[in-house]
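Report on the following structure.
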Amino acid sequence: MISSDPSKVTAICFDRINIPNMHILDVAKKYGAYAFLPTVLQEMDGPKIISEVKTSGLRGRGGAGFPTGLKWSFVPRNTNKPTYLLCNADEGEPGTFKDRDLLRLDPHLLIEGMIMAGFALNVRDAYIYIRGEFLHEANVINAAIAEAYAAGLLGERILGTNYSLDLTVHRGAGAYICGEETALIESLEGRAGRPRFKPPFPAVEGFYQSPTVVNNVESLTTIPAILEHGGNWHSQIGVPNSTGMKIFSVSGHVNKPGNYEVPMGMPLHVLIEEYCGGLQHGDVPKVIIPGGSSTPWLGPEHYDVPMAYDELHKAGSMLGSGAVIIMDETADVVAITRRLSHFYAHESCGQCTPCREGTGWLERVMLRLEAGRCNAQDLVVLEEASRHMDGRTICALAAGAAAPILSLLKMFPDEVRSYLTESKVGGG
């Protein structure tokens, strides 16, 4: 059970994750699932819930880090349109794999969080948009939803109250771009997943031109603990402006890769050495990617950086989704960057010219570089093209594609030049 003492909290979203058969309703209820839901539905209201979430300091765990309670407060009240709640379970960025564990191992925690969020926002219809490849997870969450309906936890007059909510799982087609909230909405409406211009923002005009809140899986699974223990309780975990616990998906050259839920603000070296069993080679990483493949790289001098929004921003990167990719001294950074450039070229939706043309061009140049067929002037053009992609598209995919290229050129110029043929370097 989650401690009411903030200093003793060891997990929030993963509190029950290791208990066998937690995806089954009877087991989940035995360990506290839905226990506080009657109190929320009978004794709280929307403004009270939103106030608690604001006080908690919870920021979106999907990548942008926008304050959750503030996002909820933007939804207009007393309109003639319905309000929709969408759960973003389209986890597709390289290095990110936390939401998948929540979906398959403790799905009732997500359902409970969505009921509470839906009640706060006066939502009648909610959707879980799940990545197409997550077939097993989709089956698990659908089975859990069916159990919740049978137990009166979803559908008409939940637990005998006046609140009703229908919850539907929608499988995407495996497009990374649908992790962007407006592209997700486009896909859910039956069109190609392509981002929309903003404004209007989804909170005002989203799904079917109605007020819409899109929250990440981890964000929504945090809500039950916040409402049960209070926003102030959550705000005392972590560090200022980065409160609560955070699931970090750690991969790469560490001895124990996996998901680890720790207090926000924990120094990176503590996460790696004490939780992940240390590095496979050497004492410090060669490259740190702190928030998923789209975030700028950090070097060994940042091994002590606190894993928090402000501190990572000061270091020159972002917390993102919390996907930590560690590379040790054995890493071939050119080959890794070439592989990342393939991902972004493949996943571009093609709507914006700088992204459609730029991502493919970056991949082709990286292929030539890795093969030793580039000259020094190619590197100048590679950097200029990457910089021109940033900030010139509807969404951030182009900037994400440019980040590994720019990081590579800035941090490892000698290794990059070693891939140039001597004759071309000499004539460049």
With LEU153 itself left out, Lys, Arg at +1 and Asp, Glu at -1 over residues whose Cβ is under 13 Å from its Cβ give -3
When only Cα pairs under 8 Å and 6 or more residues apart are kept, what is the percent relative contact order across the chain? 16
Under 13 Å from the Cα of LYS98 - aspartates and glutamates, other chains or at least 8 residues apart: ASP90, ASP106, GLU137, GLU218, GLU261
Identify, among LEU319, PRO47, LEU109, the residue whose Cα sits farthest towards the positive end of the charge dipole of the chain, taking +1 on the Cβ of Lys and Arg and -1 on the Cβ of Asp and Glu, with the dipole about the Cα centre. PRO47
Quick one: net charge of VAL214's neighbours, Cβ under 11 Å, K/R +1, D/E -1? -2
Classify the stretch 121-220 from the C-alpha gyration tensor, please: rounded if a/c falls under 1.5, else prolate or oblate depending on whether a/b exceeds b/c. oblate
Restricting to the chain, compute how many DSSP beta bridges are antiparallel as a %, nearest 5. 40
If you put +1 on each Lys and Arg Cβ and -1 on each Asp and Glu Cβ, how big is the dipole of the stretch 333-427 around its Cα centre, in Debye rounded to 20? 100
Using θ = phi - 60° and the Karplus form 6.51 cos²θ - 1.76 cosθ + 1.60, what ³J(HN,Hα) does each residue of the stretch 129-136 get, whole Hz, x for Gly and Pro? 8, 10, 4, x, 6, 7, 5, 4
If you take the charge dipole of the stretch 333-427 about its Cα centre, with +1 on Lys and Arg Cβ and -1 on Asp and Glu Cβ, which of CYS352, ALA403, VAL416 is farthest toward its positive end? CYS352
Rounded to the nearest 20 Debye, what is the dipole magnitude of the chain about its Cα centre when Lys and Arg each give +1 and Asp and Glu each give -1 at the C-beta? 840
Would you pull out the residues with amide H under 5 Å of MET307's amide H, same chain only if 5 or more places away, H placed 1.01 Å from N? GLY265, MET266, LEU268
Around HIS253, which amide H atoms from residues at least 5 apart in sequence, or from another chain, sit under 5 Å from its own amide H, with H modelled in the peptide plane? ILE326, MET327, ASP328
Under 21 Å Cα to Cα from LYS286, which lysines show up? Leave out anything in the same chain fewer than 8 places away. LYS256, LYS314, LYS410
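With +1 on each Lys and Arg Cβ and -1 on each Asp and Glu Cβ, how big is the dipole of the stretch 140-212 about its Cα centre, in debye rounded to the nearest 20? The partial results should precede the final answer.
On the way: 6 positive and 8 negative charges, 34 e Å.
It works out to roughly 160 debye.
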Quick one: angle between helix 376-389 and the longest Cα principal axis of the chain, in degrees between 0 and 90, rounded to 10, please. 20
Order by neighbour count: LEU369, LEU103, fewest other Cβ atoms within 10 Å first, most last. LEU369, LEU103
Sum up the charges of everything whose Cβ sits under 12 Å from the Cβ of GLY244, counting Lys and Arg as +1 and Asp and Glu as -1, but leave GLY244 out. +1
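Determine the shape class of the chain: with a ≥ b ≥ c the square roots of the Cα gyration tensor eigenvalues, call it rounded for a/c under 1.5, and otherwise prolate if a/b is greater than b/c, oblate otherwise.
Since a/c reaches 1.5 and a/b is larger than b/c, the shape of the chain is classed as prolate.
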Longest principal axis of the chain (C-alpha) makes with the long axis of helix 107-121 (C-alpha) an angle, in degrees to the nearest 10, of 70
Round to the nearest 10 and give me the degree value, 0 to 90, for the angle of helix 333-347's Cα axis relative to the longest principal axis of the chain. 50
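Just so you know, all these numbers are worked out from the coordinates, no wet-lab data involved. Here the structure is a predicted model, which means the values were calculated and not measured. When we count neighbours, we look across all protein chains shown, and the Cβ atoms used for this are built from the backbone with ideal geometry, even at glycine.
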